[in-house]
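Everything below concerns the one structure shown next.
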Amino acid sequence: MSETLERRLVVGETNEEALALFGRHDLHLKIIEDNFPVKLVPRGNELIIRGNEAAVAQVQRLLEELLAVQRAGNLLTEREVRYAVRMAREGRDVHLTDVFSDVIVVTHRGKPIRPKTLGQKRYYEAIRKHGITFGIGPAGTGKTYIAMAMAVAAFKNKEVDRIILTRPAVEAGEKLGFLPGALEEKVNPYLRPLYDALFDVLGADSFERLRDKGYIEVAPLAYMRGRTLDDSFIILDEAQNTTPEQMKMFLTRLGFGSKAVITGDITQIDLPPGTPSGLVEVRHVLAGVPGIAFVYLTEQDVVRHELVQRIIQAYEAYERRQGAGRVAGARGGRNQPPPAPGS
């Protein structure tokens, strides 16, 4: 049995700094205790760590990383602490200050928007360096939100003259004529997530003023046909629901001085059966083309509630089991029953 060690750390220059590191009601310490075989005892700006030698050393490095992030001007929240814990448990040598260091843009409320995971940091760097970037990954990984923040930053820095946001208006082919109401009433429900992200970054009043002046355009994908988009930051959202023809049409709209970001989740394709996804195909068509980047985000980059990550992992495990069952059934010449719960 490993010998229990006790190590004392000074974790802040003041009690206030230590309290911010520990979290409200010591929440951050409780998260660490839940994930490592240690006992943490706060005393003012000191912290006693009790556990085996390996665990104590690991938790000490983790706390030093978190303190460095805090001293770099970042407000530590449960989300950042859980991400740091996950990286430490996986043994990944990640300097969190490098991940959280870049401020993409400051919202109208004064809140800085930063990459929050290593995957998001790679995504941000790819958008900054490439003319076209594909962000592919599950829900909650910040694909659209980071692209939106980058677009607003580029507009504020006068790198582009306008922001254009688009997505397939109706998942199964944009058949707007079957929906009741005028065009705006038909497409608004499908564009709502784009509006919500812009409201969060710019504020409703600023967004409406820029939209009315033509600096921001939110439109269904069908409205991109026949246009050449110069000096624009263009975002195509929900791209898994484009056909190959729509994807080609969109990509060939890019004009001089423009940048495009295409986001999507290839596990949630809503096209009719037998219709290929433009996002799935384009990964093969444009692989290795200079100036184009593909960034794949995973459940490790989910920045929503912790349960969202668990849900994604559970679905992925279930789909793997189902796929294995179909293969076994095909080999055996008969359908196999679904795996028993917990198998």
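The values are calculated or read from the model by the stated rules, or taken from the named source; none is laboratory data. Bear in mind that the values here come from a model prediction, so they are computed numbers and not experimental data. All Cβ positions, even for glycine, are placed from backbone atoms using ideal geometry, and neighbour counts span all protein chains on display. Surface accessibility is based on the protein's heavy atoms, side chains included, excluding ligands, DNA and RNA. Shrake-Rupley method; radii C 1.70, N 1.55, O 1.52, S 1.80 Å.
When the C-alpha to C-alpha distance is required to be over 20 Å, the pairs from 158/248; 121/143; 129/156 that qualify are 158/248. Database remark: amide H of residue 167 closer than 5 angstrom to the amide H of 219, 221, 237 (H placed geometrically; neighbours at sequence offset of 5 or more, or on other chains; Pro and chain starts carry no H). Which residues among region 244-266 fall inside the zone where the amide N is under 17 Å from a point 7 Å beyond the Cα of residue 222, along Cα→Cβ? Backbone N within reach: 244-247, 249-250. Helix 143-156 and the long axis of the chain differ in direction by around 80°, with both axes built from C-alpha atoms. Using only the Cα atoms of region 192-256, build the gyration tensor, take square roots of its eigenvalues as a ≥ b ≥ c, and label the shape rounded, prolate or oblate: rounded if a/c is under 1.5, else prolate if a/b is larger than b/c, else oblate. Because a/c hits 1.5 or more and a/b fails to exceed b/c, region 192-256 counts as oblate.
Tell me which GluC sites (Glu not before Pro) from region 55-97 have a DSSP coil assignment and no more than 10 other beta carbons within 10 Å of their own. Present the calculation step by step, with values, prior to reporting the outcome.
Numbers: sites: 64, 65, 78, 80, 90; in loops: 90.
Listed in order of number, the matching sites are 90.
State the percent of C-alpha pairs, over all pairs in region 64-149, separated by a distance greater than 23 angstrom.
Considering region 64-149, 23 percent of its Cα-Cα pairs are separated by more than 23 Å.
From the alpha carbon centroid of region 55-106 to that of region 250-303 is 30 Å. In region 85-171, Cα pairs under 8 Å separated by at least six residues give a relative contact order of 20 percent. Looking at region 6-93, the trypsin sites (Lys or Arg not before Pro) that sit in a DSSP loop and have at most 13 other Cβ atoms within 10 Å of their own Cβ are 92.
Nearest 10 degrees, 0 to 90: what angle lies between the long axis of helix 118-129 and the longest principal axis of the chain (Cα atoms)? For 118-129 against the chain, the angle is about 40 degrees.
GNM remark for the chain: springs join alpha carbons under 10 Å apart, and the peak mean-square fluctuation among 205, 98, 231 falls on 205.
Measuring with a 1.4 angstrom probe and ignoring ligands and nucleic acids, residue 132 comes out at about 20 Å² accessible.
A cut-off of 5 Å between modelled amide H atoms, ignoring neighbours fewer than 5 places along the same chain, links residue 203 with 108. With θ taken as phi - 60° and the Karplus curve 6.51 cos²θ - 1.76 cosθ + 1.60 applied, the whole-hertz 3J(HN,Hα) list for region 192-202 is 3, x, 5, 4, 4, 5, 5, 4, 5, 7, 9 Hz, x standing for glycine and proline. When the helices of the chain are scored as -39500 (n - 2.57) per DSSP H run of n ≥ 4 and the total is divided over every residue, the value at 222 nm lands at -14000 deg cm²/dmol.
Output the direction-averaged projected area (hull surface divided by four) of the convex hull of the alpha-carbon atoms of the chain, in nm².
Values: hull surface 92.6 nm².
For the chain, the mean projected area of the Cα convex hull comes to 23.2 nm².
Rolling a 1.4 Å probe over the protein heavy atoms leaves residue 155 with an accessible area of roughly 50 Å². When the chain is treated as a GNM with alpha-carbon contacts under 10 Å, the residue of 46, 319, 281 showing the greatest mean-square fluctuation is 319. Need the C-alpha centroid separation for region 224-245 versus region 1-42, integer Å. Taking the Cα centre of each part, region 224-245 and region 1-42 sit 49 Å apart.
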